């Protein structure tokens, strides 16, 4: 099973809304003590623990599919065994949803993965809120969370990490019904 966190490489983007997927992968890798098996051909940081793989593409968001496709082909991973963790402006801040397949909703990382691998992967959608005007989307996702949001980010990331660890052994419909949340206040303490 391949977990992919979407984001942009480099310190400039580290704490931006668009990089929430990277932050989840970082936490998964450290909590599970997965080992780094990166190769130049993977075009990203790849970690492994038994049959679980964790990928942070370093291709920049709009080319994420190149890295995902490379790892998928090298390890012969079926599309149904790929879980993509990403920011979603169509969900309120702190909401978490799960689904298989669907459209990219204008998300360039998903669009790239769809084009290179297909659409039938599992998506872990993390709500980051939405700017007032559509013309502000690019600027919004490439900026850090507001200070009042950042206070809750660790809790949100830990929640998503906990659920991601259940995905390999739990039916997706069960994951959806048990772990989808509408906002940050629904995360159990």
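Based solely on its DSSP helices, what 222 nm [θ] is calculated for the chain when runs of n ≥ 4 H residues each add -39,500 (n - 2.57) and the sum is averaged over all residues, nearest 500 deg cm²/dmol?
Values: 6 runs with 68 residues, N = 189.
Theoretical 222 nm ellipticity from helices: -11000 deg cm²/dmol.
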Checklist entry - Between 109, 101, 65, which gets the highest mean-square fluctuation from a Gaussian network model of the chain, Cα cutoff 10 Å? => result 101
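Order by neighbour count: 112, 30, 69, fewest other Cβ atoms within 10 Å first, most last. Don't skip to the end; give the middle numbers.
Working: 112 24, 30 11, 69 17.
Fewest to most other Cβ atoms nearby, the residues stand as 30, 69, 112.
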Checklist entry - Pulled fully out, how much extra length does the chain show between residue 36 and residue 158, if you take 0.36 nm times their separation in residues and subtract their Cα-Cα distance? => result 41.8 nm
Checklist outcome for this item: Exposure-ranked with fewest Cβ neighbours within 10 Å first, 154, 33, 14 stand as 33, 154, 14
Checklist outcome for this item: For the pair residue 62 and residue 99, the simple spin-label estimate (label points 7 Å beyond Cα toward Cβ) gives in nm 2.4
Checklist entry - Counting other C-beta atoms within 10 Å, which of 88, 114 has the fewest, and how do the rest follow? => result 114, 88
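Taken together, the values in this text are just the output of simple stated rules run on the coordinates, not laboratory data. Because the structure is predicted, anything quoted here is derived from the model rather than measured. Cβ atoms come from the backbone with ideal geometry, glycine included; neighbour counts cover every protein chain shown.
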